[in-house]
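Below is one structure, written out as structure tokens, with a few remarks after it.
The values are calculated or read from the model by the stated rules, or taken from the named source; none is laboratory data. No experiment lies behind these values; they were computed from the predicted model shown. Neighbour counts run over all protein chains shown; Cβ positions are idealised from the backbone, glycine included. To get the accessible areas, we keep the full protein, side chains included, count just its heavy atoms, and leave off ligands, DNA and RNA. Shrake-Rupley method; radii C 1.70, N 1.55, O 1.52, S 1.80 Å.
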Amino acid sequence: MPELIAPTVRLHTGWLEARDDWGPGVHEDGFGLRPSDEVDSPDGFTAWLARLTEESDPTKPLDAGRVHCTYRWIVEGDQVLGGIALRHELDDFLLRVGGHIGYGIRPSARRRGLATWALRRMLDEARTLGMNRVLITCEVNNTASARTIERQGGVLEDIRDTELGRVRRYWVEL
């Protein structure tokens, strides 16, 4: 049975296995991983998780160009199956491209309904934060993600060309 948990150093090995499942250089949505993050060593991994924890605390000031964000991992036992992130607000870039919620399921765990399950729970978290609606985007050709968003009430606003490619933009009323 999967769980949605806050990132934890206990799952360092499980997270590295998930990253390796995606393959080198592939962006894993939902983890808040930046190119400058060093996650292979225990110290680097711990530093990355400390940053994620700080970004989730609305009382902590953030660097310019950052918004507060709640990160959760989709896990079964010691296996990390995916990640999902809820951005508490939108800046110009997120309004155009990224939306409030980003998620990713490792390739070996796909087609099990995990994204739909995790998205439903993060929408509950958005309600708890007092959000009235959320924007969720996906690449235009990612039909699995589009179906996941639509199953949770996503209404397609438009398809746009962005600096990261063509995206579908969905709004979910909470």
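Of the candidates Glu89, Glu157, Glu139, which one comes out as most mobile in a Gaussian network treatment of the chain with C-alpha springs shorter than 10 Å? In the Gaussian network model the winner is Glu157. Per residue, the chain exposes 53 Å² of solvent-accessible protein surface, assessed with a 1.4 angstrom probe and all protein chains in place.
In the chain, the DSSP beta bridges split such that about 95 percent are antiparallel, to the nearest 5. Going by accessible surface with a 1.4 Å probe and the largest first, Ser56, Ser145, Ser108, Ser36 read Ser36, Ser108, Ser56, Ser145.
Over all other residues within a Cβ to Cβ distance under 14 Å of Trp117, the charged ones net out to +4, with Lys and Arg as +1 and Asp and Glu as -1.
Return the calculated 222 nm mean residue ellipticity for the chain, to the nearest 500 deg cm²/dmol, obtained by summing -39500 (n - 2.57) across DSSP H runs with n ≥ 4 and dividing by the residue count.
Details: 4 runs with 50 residues, N = 174.
Roughly -9000 deg cm²/dmol at 222 nm, from the helical runs in the chain.
Note on Glu17: accessible area approximately 90 square angstrom, rounded to 10, probe 1.4 Å, nucleic acids and ligands left out. Does the range 56-105 come out rounded, prolate or oblate, given a ≥ b ≥ c as the square roots of the eigenvalues of its C-alpha gyration tensor, rounded meaning a/c under 1.5 and, failing that, prolate meaning a/b above b/c? Since a/c reaches 1.5 but b/c is at least a/b, the shape of the range 56-105 is classed as oblate. Among Thr46, Thr137, Thr70, the largest mean-square fluctuation in a Gaussian network model of the chain (Cα springs under 10 Å) belongs to Thr46. Would you mind classifying the range 70-132 by shape? Square roots of the alpha carbon gyration tensor eigenvalues, ordered a ≥ b ≥ c; an a/c under 1.5 is rounded, otherwise it is prolate if a/b is larger than b/c and oblate if not. Prolate, since a/c reaches 1.5 and a/b exceeds b/c. Note on the range 96-159: with neighbouring protein chains present and a 1.4 Å probe, carbon and sulfur make up 44 percent of its accessible heavy-atom surface.
Backbone geometry of the range 127-140 corresponds, through the Karplus equation with coefficients 6.51, -1.76 and 1.60 at θ = phi - 60°, to 3J(HN,Hα) couplings of 4, 4, 6, x, 6, 8, 7, 10, 9, 10, 10, 8, 4, 4 Hz, x marking Gly and Pro. Working from label points 7 Å from Cα in the Cα-to-Cβ sense, the Arg66 to Val140 distance is 3.3 nm.
Under the classification rounded if a/c is under 1.5, otherwise prolate if a/b is larger than b/c and oblate if not, where does the range 98-157 fall, given a ≥ b ≥ c as square roots of the Cα gyration tensor eigenvalues?
Numbers: a/c = 2.03, a/b = 1.37, b/c = 1.48.
Oblate.
Just grab the label-to-label distance for Arg127 and Glu89, each label 7 Å out from Cα along the Cβ direction, in nm (one decimal). Placing both labels 7 Å beyond Cα along the Cβ direction yields 2.4 nm.
Calculated FRET efficiency, Asp43 and Ala6, Cβ-Cβ r, R0 25 Å, to nearest 0.05? Mind showing how you got there, number by number?
Details: r = 20 Å, r/R0 = 0.78.
The pair Asp43/Ala6 has a calculated efficiency of 0.80.
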